[in-house]
1. Taking into account only those residues within the stretch 409-432 that are out of contact with any helix residue (DSSP H, G or I) (no Cβ under 7 Å at 6 or more places or on another chain) and within 19 Å of R326 (Cβ to Cβ), which is least open to solvent (accessible area, probe 1.4 Å)?
2. Which ones in the stretch 145-167 are surrounded by fewer than 16 Cβ atoms within 10 Å (Cβ to Cβ) and among the small types (G, A, S)?
3. For the stretch 218-238, enumerate the residues that are open to solvent by less than 60 Å² (accessible area, probe 1.4 Å) and either over 20 Å from S60 (Cα atoms) or assigned to a strand (DSSP E or B) (or both).
4. Does the stretch 77-88 contain any residue that is in contact with a Gly (Cβ under 6 Å, 6 or more places away or on another chain), at pLDDT below 95 and either buried (at least 24 other Cβ atoms within 10 Å of the Cβ) or assigned to a loop (DSSP other than H, G, I, E, B) (or both)?
5. Just to verify a result, which residue in the stretch 161-178, among those that are in contact with a helix residue (DSSP H, G or I) (Cβ under 9 Å, 6 or more places away or on another chain) and part of a loop (DSSP other than H, G, I, E, B), is modelled with the lowest pLDDT?
6. Could you please find all residues in the stretch 354-395 being open to solvent by 10 Å² or more (accessible area, probe 1.4 Å) and among the small types (G, A, S)?
7. Output the residues belonging to the stretch 271-297 that are open to solvent by 10 Å² or more (accessible area, probe 1.4 Å) and either among the hydroxyl-bearing types (S, T, Y) or outside any strand (DSSP E or B) (or both).
8. Return yes when Q146 is touching a helix residue (DSSP H, G or I) at 6+ places or on another chain (Cβ under 7 Å) and among the polar types (S, T, N, Q) and no when it is not.
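The values are calculated or read from the model by the stated rules, or taken from the named source; none is laboratory data. Here the structure is a predicted model, which means the values were calculated and not measured. We place every Cβ from the backbone using ideal geometry, glycine too, and count neighbours over all the protein chains shown. Only protein heavy atoms, including side chains, enter the accessible area calculation; ligands, DNA and RNA are left aside. Shrake-Rupley method; radii C 1.70, N 1.55, O 1.52, S 1.80 Å.
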Amino acid sequence: MTLAPARRATKRGRLALATALLSATALVAACSGPPHGGGTDQAGYQLSATTPPAKGELDSFTWATYAEPPTLDYIQAFDYPQNTILSNVCESLMRWTPQLTLAPGLAEKAANPDPTTWVYDLRSGVHFHDGTVMTADDVVYSLSRQTDPNNAAAWAQVFQNVDSITKTGPLQATVKLKQPDSQFPQYMATAAGVVAAKAGVEAAGKDYGTTGGLDCTGPFKLGTWAKGQSLELQRFDDYWGTKAKSKKVVFSFLTDSSARTNAMLTGDVDGGYLIPTESYDRLKKNGPGTLYFGEGLSTVNVNVTNMQGALGDVRVRQALSLALDRSGFVKTGLAGSGTVTGSLTTKAAWGSAPDDVRKSAFDGLTPTTQDIDKAKALVKEAGASGKTLVMATSTIGQDVSLLATAVQAAGTRIGLDIQLKTIAPNAFTALFTDAKAREGIDMFPETYYDSITDPLDLLVNFRTGAYQNFAGYSDKAYDDLVDQATAEYDPAKRGAIEAKLQQAASQQLLWIPVAEWPTAVFLNKRITGAPTTISYMYYPWAADVGAAR
C-alpha cells in the first residue's frame, strides 16, 4: 500500500449464509466480485478483464518490482513487493481468482455448520517444496503463527475473533470463533490463510523468509536470492494444480522509476505491475508491448499518522482536504488514469450492495472541489496558522512524490508549513510495519488496496488498536459499528452498517481520500497471460504467464 496493504488492495466476497453448511461451490456462488473490464471509465482509460492467454511455455521471464521484500515470511506479507512474489510460492486455504471472487484453494471444501465454526477439508496428496505431504498439522501450525503475539504478525487483526484452531482429521482443520465473523473466511484467500510446512518453518527459525526455502505448495519454489538485486523462482514440477507455463521467473529490484521504465522499453525485463504513472505514455506509444488497466479496488489517500499535533484538530484535516487539487493530481500524478473521489472506499467494493445501501454510503462524503477561502478560515479558526507538519515522500513513482508536493502546495496556500521528508523506496514499506519509521511524520501518501471485496477491509483500519490505525484514533461508537458489521453475515445488513462507518470516517477525515486508481500491468510482446486485476497479490499469477506467440 504503496501499501495498499494495501495493498493496496480490494475485493470482498460476500458470504450470504451464516448457518448453512457451505461447500466450496457454495462459497464461490455466495461471493460476488466487483464489476469487471470491457468498458471505458469516465476518465478515458480502458479496463481490460484480462490479457490474452499464453500460447506456449517459456524457459523464463523477468519481472520488475519497485523494491526488494524485507522478508518473504507470509505472516509479514502485507505490501506489494512481498505479495507479488509470495503469491506464486505460498498458497492459502482459499483462493482469490482473477475475477476477484473466492474459490477453493488448499482446502477443497469450507463448511460453516454454525456461525462460529469454520471447517476446512484439505486436498489430499499436496506436496510441499521439500517433498513432504501437507496435513492438517501444517494448517494448524501455519495459522497459529499468525495468532502468536511474539510474532507481531501483520495479519494478526484477522484472527482477533479466533478462539481455537485444531486438527479434526488427518486432512481437516477446524477454526472456532469467539463470535460470528463475516470477514475471517474471506481472508483465508489472502496471505492470512497461507499454509507452509511446519517442519520447514521450525528448522529455519528466525531466518524463515529471508534465507533458504519457504516450504510452501505453490507452482513455483524459491530459487536464488541475490540480495539487493534480484530473486529467482523455479517451477515446482510436483505442483498439485496446473503446471506453470514458465520454468523460471526472475524478479528484478528496480527502485528507480525511470530505471524500471527503461528496463521495460529495452526488454531487460518483460513486464511488471505498479507501473510508474509518468511512464504510461512512453509504454503506450513506443510499441515494445501493451499497457493494460484492470480492476484495482485501490484508493489513493493521505494517511494521517499523527493526531498529537495540528492534525489532531479535524478542522485542519478538513482544510487540507479542501485545499487539495485532486483533479490536478489525477492528471499529473496518475497520468489521467484515475478518478477523483471523496470516498475512502472504491465504488467497486460496494458492487454487490443494494442500491439504497450504496446511496447511503456515498451521499454527502468529503467534498472534492477546492475551496481555498473556506480552508484558510478553518486553519485560522483552529489556531493552526504557521504550524509545521511533516509529509513523507519517496521516489517510488510520481503517484507518491506528486501527491506529497500537492499536499505541500495546498498547505502553503492556507497558511500551513508542510515539510517533505524523502524516504528511499526500500524503506518506504517500513512505514506500514515499524512505528519507529513513522516517528516525526504526520502523514504520508498511501495507495490502499482492499484484500477482500468488502468495504470493511479499509474501514476497519480506524477501529481502536487496528493495525493501520497509526494515529491512534479511538471512538467507541465507531468500534461498536465495526463489531456489528463484522458479526453480520447477511451482506445487505452488513452493508447498511458499513455505510454508517463510511460516513463516520468521512466526517472525521481519518485519512484524506484523493482518487481511485486502476491496476496497471505492462507485458512486452514476448509474454502474455498475466491477470489485469489486483488479484495478483494473492493469486499465483506468474503460473499463467507464457509465450505470446
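1. Among them, the one singled out is A409.
2. Scanning the stretch 145-167 gives A152, S164.
3. F220, L222, G223, W225, A226, G228, S230, L231, E232, L233, R235
4. no
5. N161
6. Passing the criteria: S360, G364, A377, A382, G383, S385, G386.
7. Result: Y273, L274, E278, D281, R282, K284, K285, N286, G287, P288, T290, Y292.
8. yes
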